[in-house]
Amino acid sequence: KDRAKLIAAEIARNRPALIGLQEVATWHAGAFNPEHPFALPSAVSEDFTQELLAALAADRVQYAVVSRHDNNFTLAFPILTSSGCCIAVGMVESGEILARTDLPPWQLKLSNPQSGTYNARIPVIPNPLDPAEPFVFTNSWQSIDVNARGTTFRFITTHLDALAPGGVVSGPQAKELLAGPANTTLPVVLAGDMNSGPVLDPAAYNAF
């Protein structure tokens, strides 16, 4: 909640029409399943999106999620408690776009929300302790078409791979994005966590 309040305060100071968020966490906690110790519990214990929206409302600014993609990465694991073993705790990572809801349509009108994952990704990592729950890493993008005071454009946010060295995954992901949601006659505004600089090749930076 403290982190959400700090981010909300920064947003409230600047009041952007659109916000791209990466690594948005939804935390789960529940009963430990000894047959699948790395299974994600179904019960949600903390939803960062809802924490942030509540903190924004407390700062008297109104936003809503207008495009979202869940399950970029899911990790669950057992933890010890003071009374012994165990409870299951897990996290689901998402990406999303927030938009102001207090602007009249002539100032901000949104349409065509889209999202997706990239074909380029690191290989699935087997989990020897729980073969039914391997570690799967994907990366996603979200987009929304915008008419802002008569100017139209496509707003895209994304989180590219940071695990594979040398841009061997993030570079192809950038090319997928350019051939997919960024392949439009509309002007494009791209925001996100690119995990890339101009030195590496094939780098996402170079592709963009």
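Here are a few things to note about the model shown:
- Relative contact order, whole percent, for the chain stands at 19, derived from Cα pairs under 8 Å and 6 or more residues apart.
- Debye intensity ratio I(q)/I(0), log10, region 97-142, q values 0.16, 0.22, 0.29 Å⁻¹ (C-alpha model): -0.65, -0.84, -1.04
- Debye log10 I(q)/I(0) at q = 0.12, 0.16 Å⁻¹ for the chain, Cα point scatterers: -0.73, -1.12
- Once the Cα atoms are used to define both axes, helix 48-58 deviates from the longest principal axis of the chain by about 50 degrees.
- Debye intensity ratio in log₁₀ form over the Cα atoms of region 153-208, taken at each q of 0.14, 0.16 Å⁻¹: -0.33, -0.43
- The helix-based estimate of mean residue ellipticity at 222 nm for the chain, built from -39,500 (n - 2.57) per DSSP H run of four or more residues and divided by its residue count, is -5500 deg cm²/dmol to the nearest 500.
- Each of 63, 163, 122 was scored by the projection of its Cα onto the charge dipole of the chain, and the greatest displacement toward the positive side belongs to 63; charges sit on the C-beta of Lys, Arg, Asp and Glu.
- Computed from point charges on the beta carbon alone (+1 for Lys and Arg, -1 for Asp and Glu), the dipole magnitude for region 55-208 about its Cα centre is near 520 Debye.
- In this structure the amide hydrogen of residue 108, modeled in the peptide plane, comes within under 5 Å of the amide hydrogens of 149, none closer than 5 places in sequence on its chain.
- Here the 3J(HN,Hα) profile of region 122-130, calculated from phi with Karplus coefficients 6.51, -1.76 and 1.60 at θ = phi - 60°, is 6, x, 4, 9, x, 10, x, 7, 7 Hz, Gly and Pro shown as x.
- Once the Cα atoms are used to define both axes, helix 2-14 deviates from the longest principal axis of the chain by about 0 degrees.
- Heavy atoms of residue 205: accessible area, 1.4 Å probe, square angstrom to 10: 130 Å²
- Calculated from backbone phi, Karplus (6.51, -1.76, 1.60) coupling profile of region 136-147 in Hz, x at Gly/Pro: 10, 10, 10, 10, 10, 10, 9, 9, 8, 8, 10, 10
- Using alpha-carbon coordinates, inclination of helix 170-179 to the longest axis of the chain, degrees: 40 degrees
- When the P(r) of region 95-190 is calculated, the portion above 23 Å amounts to 39% of the C-alpha pairs.
- Descending principal axes extents, region 60-105, alpha-carbon based, whole Å: 55, 26, 7
- Here the contact order of region 15-79, divided by its residue count and restricted to Cα pairs under 8 Å and six or more residues apart, works out to 34 percent.
- Against the empirical 2.2 N^0.38 Å (N residues), region 81-122 has a Cα radius of gyration ratio of 2.20.
- In the complete set of protein chains, residue-level accessible area for residue 176 is approximately 50 Å², probe 1.4 angstrom.
- Bridges between two residues of region 68-208, per DSSP, are antiparallel at a rate of about 80%.
The values are calculated or read from the model by the stated rules, or taken from the named source; none is laboratory data. Please read these numbers as outputs of a predicted model, since none were measured by experiment. So basically every Cβ, Gly included, is an ideal-geometry build from the backbone, and we count neighbours across all protein chains shown. When the accessible area is computed, the model is the full protein with side chains, heavy atoms only, and any ligands, DNA or RNA have been set aside. Shrake-Rupley method; radii C 1.70, N 1.55, O 1.52, S 1.80 Å.
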